[in-house]
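As structure tokens, the structure follows; a few thoughts come after it.
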Amino acid sequence: MMRLLEGLMPHLIIAPILFPLLMACAMLLLGERRYRLKISLGLFAGLFNLGVALALLVWVKESGSAGSIGIYLPSNWDVPFGIVLVLDQLSALMLTLAALVGFAAYVFSMARWHKAGSHFHPLFLVQLMGINGAFLTGDLFNLFVFFEVMLAASYGLLLHGSGRLRVRAGLHYIAINLTASSLFLVGAAMIYGITGTLNMADLAAKIPFISQADRPLFHAGCAVLGVAFLAKAAMWPLNFWLVPAYSSASAPAAAVFAMLTKVGVYVLLRLSTLLFSEESQGSAGFGSDWLVWGGLLTMACGSLGVLTATSPARAAAFSITVSSGILICVVGLGIPDVTASALYYLLGSTFAVAALFLLTELMDRVRDMEAAQRRQDEEEDVSLPFGFAESRLNPDVNLDDNEEALIGKPTPGSIALLGLTFIVCTLLVAGLPPLSGFLGKFAVVSALLPIADTDFTTTPGMWTLMVMLFVSGLFALVALTRIGIRFFWMTSERPAPLLRTIEYLPVALLIVFSVLLTVRAEVVMKFAKQTSQALHSPQGYIQAVLSAKPQWSPTNAYRLDQEAP
């Protein structure tokens, strides 16, 4: 296996970007009615993307050292002048997460959502391409390019299926992201004006040598750039657009959107450990306090939002802001062990929220069928059940609306299956044992407690984070339990929905991934610790990127000053 991967490297690094793009272009040529062919091509693309992501993860894990880094130069130009793609433990982990969530969401869309509008398949693949590119790119300019590709596809997916709510939320979503993109360009231009480069590794190498006169301007550029990233990472108060947009999107689109905030968190983690490490002299730890307290405020507002949510879609959207707040706060703390625990939590929370978004579609269908049945009953009989209200009931007998005992009446299989799945999602989102949501939060607290216990006065953010982890879980448990009772506490007359295998299978797969995180927690945590150690020791990343050399060709022989192989 490793021999095969070694033979394919480093060209395999560009496959998660190139292959979805080519498949999307091919689907544009097929027209709008060849659904079966598009589904076949889409499934092949999803499986191929997942296979490549897993192969890259295996290569990073098994290539011999904790700091194994793959470098690919698409333009075959010297670093830092040409485009560079970088594969390390963090990018491989995020690629695999995006591939798993994307494949599950695409399979769910095969039931009906892919027919609800035009160009769903190309938009979905371009969305994955932009996400993959953001995880692999090694310079800020191409990060901006992949951000725009990702956002352009998300605009179409958010509006997919039309409807007043989607259009209104989509306009707000587009406006805020265009503003963030403008700030991205302003910040990148300011940084380039000071350092003369946008390559991340080259930036990290040049930051210690920035003059004291230019450093405030450099910090201003980083702050402007950070606002753009924090808007995408859903930090309060920049996250006002997220809940209306995500809760009104179609179920498969919302499941993929759960990855978009993780792209913002990924960039924050990458740049904070690379550009503002201890080696960066006067820029060390820049903005860390803002991230810590901003993350805590995001957790607080998200927890209150979850508590007040009355629909599972809004509860899932607010849960995204809670998880983003936790991760942003951890990025600001900059402690390797805490970062490793947060990476484990990131995996479990993303699977849980994506599964909850898909499950919301099936739960709403139950409510729609119940409402339709209620309207039909009202048309047939408009009399009020005064006799039922005036009758004397035995308090020891539980009766339904027809004064018949509920004992012994079976619950429809589809309702029972959805209810059990919702319970598992509740355990994951709330962070209750024994699943991965609990293990992730427990790992974060276990890493924080020895440090926070040394001096209470210097670590108020750590203690606040630990308290908020428990409070957010309690609020999520109360809210989701209330929603579950309203949706599943039913009489036998409620019509049971038709539960198709193609719709339930993706939800079950995401739950299985979460269970595997629980069963294989030791292996995942070991890899997360290696990833965190490499992130907080950025010299390996910097040296690997800056030492990359182009392949010989007749057009660059004079620059390389070497003979043809």
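Below, the figures for the structure above:
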{"quantity": "Selection status of residue 99, open to solvent by 30 Å² or more (accessible area, probe 1.4 Å), modelled with pLDDT of 85 or more and out of contact with any His (no Cβ under 7 Å at 6 or more places or on another chain)", "calculated": "no"}
{"quantity": "Residue 563, sole failed condition from (1) open to solvent by 60 Å² or more (accessible area, probe 1.4 Å); (2) closer than 30 Å to residue 11 by Cα; (3) modelled with pLDDT of 85 or more; (4) not aromatic (Phe, Trp, Tyr)", "calculated": "(3)"}
{"quantity": "Every residue from segment 1-36 that is open to solvent by less than 70 Å² (accessible area, probe 1.4 Å), more than 21 Å from residue 551 (Cα to Cα) and free of Cβ contacts under 8 Å to residues at least 40 places away in the same chain", "calculated": "19, 26, 30, 31"}
{"quantity": "Residue that is under 25 Å from residue 179 (Cβ atoms), more than 19 Å from the chain's Cα centre (by Cα) and open to solvent by less than 10 Å² (accessible area, probe 1.4 Å), where the choices are 297, 242, 260, 225", "calculated": "225"}
{"quantity": "Flag for residue 85 being modelled with pLDDT of 90 or more and closer than 16 Å to residue 261 by Cα", "calculated": "no"}
{"quantity": "Candidate set: segment 109-136, residues that are at pLDDT below 90 and polar (S, T, N, Q); chosen: the one surrounded by the most Cβ atoms within 10 Å (Cβ to Cβ)", "calculated": "109"}
{"quantity": "Condition broken by residue 56, with the remaining ones in (1) modelled with pLDDT of 85 or more; (2) open to solvent by 40 Å² or more (accessible area, probe 1.4 Å) satisfied", "calculated": "(2)"}
{"quantity": "Selected residue (only one of 186, 145 is β-branched (Val, Ile, Thr), within 24 Å of residue 542 (Cβ to Cβ) and modelled with pLDDT of 90 or more)", "calculated": "145"}
{"quantity": "Subset of segment 304-322 (residues that are among the polar types (S, T, N, Q) and buried (at least 24 other Cβ atoms within 10 Å of the Cβ))", "calculated": "319, 321"}
{"quantity": "Count of residues meeting criterion [touching a residue at least 60 places away in the same chain (Cβ under 8 Å) and either open to solvent by less than 30 Å² (accessible area, probe 1.4 Å) or not aliphatic (A, V, I, L, M) (or both)] in segment 40-52", "calculated": "4"}
{"quantity": "Residue within segment 67-84 that is of a type outside the set (Lys, Arg) and buried (at least 24 other Cβ atoms within 10 Å of the Cβ) present", "calculated": "yes"}
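The values are calculated or read from the model by the stated rules, or taken from the named source; none is laboratory data. Bear in mind the structure is a predicted one, so any value in this text is a computation, not a measurement. Counting neighbours? That spans all protein chains shown, and the Cβs are built from the backbone with ideal geometry, glycine included. Only protein heavy atoms, including side chains, enter the accessible area calculation; ligands, DNA and RNA are left aside. Shrake-Rupley method; radii C 1.70, N 1.55, O 1.52, S 1.80 Å.
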